[in-house]
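Enquirer: Shown below is the structure under consideration.
The values are calculated or read from the model by the stated rules, or taken from the named source; none is laboratory data. Treat the numbers as computed from the prediction; the structure is a model and nothing was measured. With ideal geometry, Cβ positions are generated from the backbone for all residues, glycine too; neighbour counts draw on all protein chains shown.
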Amino acid sequence: MNVICTSFPFANNLPREYVLKSPLKHMTFEEVMRGIVLSEITDRKLLEKIVGKVVYRRSGEKVGKIWKIYVSKREKQPIKVVLKTDSNGKIVVPPERIRVENNRIILLDHSQEAILSIIGRLSDIAEELRKLRDELLVLDEKLISGEIPREEYNVARSRIERKKVHLRMEASTLLDALNHMVQSGEVTLNKEEERRIYEIMDVLSLSLPAIPLRELEKIFG
């Protein structure tokens, strides 16, 4: 058995980027093989099926096979993966660098790790912007209904707009970095990564839903 539960001291003090916010559960082996990062798998049986699989680089070069996967007893998540090369050498990598996609297991290089990190943060920003948009709609409704005075509305709206500006500036910086990495040939995006970026950009480009003119006249007239 090469899926090993462990209570290593560092397992509970992993950097933030190594802590999965919502571990994926109840996935079949076939679903996993369509595309997922190893750190997201918390099902022991699935991990056992992955042990022994061949690992490649994105270029197609064979790296070795997955020999052991160490799992935190507390978090139930992979915390370390050991690869075994054809020459019996051992390579220890974090599970975030092992990605399953298109029925093949890929060892990500550091540039690809950076891509995943950028896409992850952009996803977070898109979700925060969605929440702010909903918050603004509720705020507008409260003003229109007379539930809150204009002064309170202006303060709350200003706070939300400032958050939006900061998030959009951060997203713009991340997209510029991502574009530079792709244009320079440092990395290539697969179809799933491209799809996620397009979805994120759709959210970033959305304007707030318009309030009917008559309602605007009541507010600002």
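Enquirer: Residue by residue through region 156-195, note down the ones that are closer than 20 Å to Glu128 by Cβ and of a type in the set (Val, Ile, Thr).
Expert: Keep residues of region 156-195 that are closer than 20 Å to Glu128 by Cβ, which gives 156-178.
Answer for region 156-195, where residues must be closer than 20 Å to Glu128 by Cβ and of a type in the set (Val, Ile, Thr): Ile160, Val165, Thr173.
Enquirer: Another question, if that's okay. For region 165-199, what are the residues that are among the β-branched types (Val, Ile, Thr) and out of contact with any Ser or Thr (no Cβ under 6 Å at 6 or more places or on another chain)?
Expert: Narrowing region 165-199 to residues among the β-branched types (Val, Ile, Thr): 165, 173, 182, 187-188, 197.
Answer for region 165-199, where residues must be among the β-branched types (Val, Ile, Thr) and out of contact with any Ser or Thr (no Cβ under 6 Å at 6 or more places or on another chain): Val165, Thr173, Val182, Thr188, Ile197.
Enquirer: Now a separate question. Go through region 101-137 and report how many residues are surrounded by fewer than 18 Cβ atoms within 10 Å (Cβ to Cβ) and part of a strand (DSSP E or B).
Expert: 2
Enquirer: Which residue is nearest to Ala171 (Cα to Cα), if the candidates are limited to region 103-156 and must be touching a residue at least 40 places away in the same chain (Cβ under 8 Å) and among the polar types (S, T, N, Q)?
Expert: Among residues in region 103-156 that are touching a residue at least 40 places away in the same chain (Cβ under 8 Å) and among the polar types (S, T, N, Q), the one nearest to Ala171 (Cα to Cα) is Ser123.
Enquirer: Counting just the residues of region 42-52 that are under 26 Å from Glu193 (Cα atoms) and free of Cβ contacts under 8 Å to residues at least 40 places away in the same chain, which one comes out surrounded by the fewest Cβ atoms within 10 Å (Cβ to Cβ)?
Expert: Lys49
Enquirer: Is it true that some residue in region 148-160 is at negative phi and either assigned by TED's automatic domain parsing to the domain that holds Ser59 or of a type in the set (Phe, Trp, Tyr) (or both)? Spell out the reasoning first.
Expert: In the first step, residues of region 148-160 are kept if they are at negative phi; the result is 148-160.
Filter once more, so that each one left must be either assigned by TED's automatic domain parsing to the domain that holds Ser59 or of a type in the set (Phe, Trp, Tyr) (or both): 153.
Checked region 148-160: at least one residue is at negative phi and either assigned by TED's automatic domain parsing to the domain that holds Ser59 or of a type in the set (Phe, Trp, Tyr) (or both).
Enquirer: Going by what's in this entry, would Val32 be described as touching an Asp or Glu at 6+ places or on another chain (Cβ under 9 Å), under 26 Å from Thr188 (Cβ atoms), aliphatic (A, V, I, L, M) and at pLDDT below 90?
Expert: yes
Enquirer: Cβ-Cβ distance below 9 Å, separation of 6 or more or different chains: which pairs start in region 81-95 with a residue that is closer than 14 Å to Ile50 by Cα and end on one that is assigned to a loop (DSSP other than H, G, I, E, B) and of a type outside the set (Phe, Trp, Tyr)?
Expert: Val81/Pro94; Val82/Asn2; Leu83/Gly89; Pro95/Gln77
Enquirer: Would you check which residues across region 66-91 are in contact with a Ser or Thr (Cβ under 6 Å, 6 or more places away or on another chain) and among the aliphatic types (A, V, I, L, M) and list them?
Expert: Answer for region 66-91, where residues must be in contact with a Ser or Thr (Cβ under 6 Å, 6 or more places away or on another chain) and among the aliphatic types (A, V, I, L, M): just Ile79.
Enquirer: Still on this structure, I have one more. Within region 53-79, track down each residue that is in a loop (DSSP other than H, G, I, E, B) and either in contact (Cβ under 8 Å) with a residue 40 or more places away in the chain or outside the structural domain of Arg97 (by TED's automatic domain parsing) (or both).
Expert: Lys53, Arg57, Arg58, Lys73, Arg74, Glu75, Lys76, Gln77
Enquirer: What's the number of the only condition in (1) under 24 Å from Glu40 (Cβ atoms); (2) among the hydrophobic types (A, V, I, L, M, F, W, C); (3) crowded, with 19+ Cβ neighbours inside 10 Å; (4) in the same structural domain as Leu174 (by TED's automatic domain parsing) that Leu143 fails to meet?
Expert: Evaluating Leu143 over (1) under 24 Å from Glu40 (Cβ atoms); (2) among the hydrophobic types (A, V, I, L, M, F, W, C); (3) crowded, with 19+ Cβ neighbours inside 10 Å; (4) in the same structural domain as Leu174 (by TED's automatic domain parsing) leaves (1) as the failure.
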